[in-house]
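First up is the structure itself, then whatever we jot down about it.
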Amino acid sequence: MFDLVDAQSVPDGAVSEIVARLLPAAQSGDIEAMRQLYLSLQRCRTWPASLAAEPLVVDPQYLARSGLTEIEVRESRVRSQREAELQKATDCKDVTSAQVQTAGSWLRRAAEAGDPYARLAYVDAVDEIVGDQRQMLAHPEAVAQFRNDAIGYLQDLAQRGMPEAMLRLSSAYASGVLADRNLTLAYGYGKAAEQLMGGPEPAFLDTYRQGLSADELRNAQALSRSLVMALR
């Protein structure tokens, strides 16, 4: 499946220079400039990163195909990660913390303007939009607004036919974190995504289906049909 988030390309070069170049256009309402500003500043938000990340898992089939040893693969990946972090350090060294803190506002503005990437990325940006856990506890109304906006953006993208958004809605309604738990909607959005992407039915859909009554299943199936038929 095409992943809109992973497909985004971050501008190369010193982020302070990128910000200076893009800022006038973004302030004038240029959605592309807003998105590129967010991506560039977000890159510096996670710097410096720890090189002692998650344990590296090496696929035995990859070792067999490549002819490399596990040690060689691990050393190569650590070296690549270190080079990437050093490049990030160079690109981010002149960016101020105040500039980095504006990343969320550019994402919000791009999402409000209807940018598909921004609307999809918004869902995972609660820390940037609302703040850390302390700020979330202090401002429950901001959290409620974030949840409402995030679900609205995903619903808009689902109506436009984006399976990624449908899967995220399915997960949101199943977990009850971003939205009130609703297995009818979880199954309906998940089933529509599965039909649009093709392939075998994911196991989670069967789990959702088992939690539905006959009427709820009919409603869920009607939702999935309406989403799919709207694209034909």
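Between helix 214-229 and the chain, what is the angle of the helix's C-alpha long axis to the longest principal axis, kept within 0 to 90° and rounded to the nearest 10? Tilt relative to the chain: about 60 degrees.
What FRET efficiency do you get for Ala113 and Glu201 if R0 is 41 Å and r is their Cβ-Cβ distance, rounded to the nearest 0.05?
Using R0 = 41 Å, I get an efficiency of 0.70.
Can you figure out the FRET efficiency of Ser76 with Ala230, using R₀ = 45 Å and their beta-carbon distance, to the nearest 0.05?
0.45
Each peptide among 199-206, 165-172, 153-160 gets the average number of other Cβ atoms lying within 10 Å of its residues, and from highest to lowest they stand as 165-172, 153-160, 199-206.
For the peptides 18-27, 111-120, the ranking by packing is 111-120, 18-27, with the highest mean count of neighbouring Cβ atoms within 10 Å listed first.
Considering only Ala220, Tyr38, Ala20, and ranking their Cα positions along the charge dipole of the chain that arises from unit charges at the beta-carbon of Lys, Arg, Asp and Glu, the one farthest toward the positive end is Ala220.
Calculate the FRET efficiency for Asp132 and Ser175 from the Cβ-Cβ distance with a Förster distance of 30 Å, rounded to the nearest 0.05.
0.90
Element breakdown for the chain at a 1.4 angstrom probe: carbon and sulfur atoms account for 51% of the accessible area. How many percent of all Cα-Cα pairs in the chain sit more than 21 Å apart? Pairs farther apart than 21 Å: 66 percent.
The values are calculated or read from the model by the stated rules, or taken from the named source; none is laboratory data. Just so it is clear, the structure is predicted and the values come from calculations on it, not from any experiment. Cβ: placed from backbone, ideal geometry, glycine included. Neighbour counts: every protein chain shown. Ligands, DNA and RNA are stripped out before the accessible areas are found, and what is left, the full protein with its side chains, is counted by its heavy atoms. Shrake-Rupley method; radii C 1.70, N 1.55, O 1.52, S 1.80 Å.
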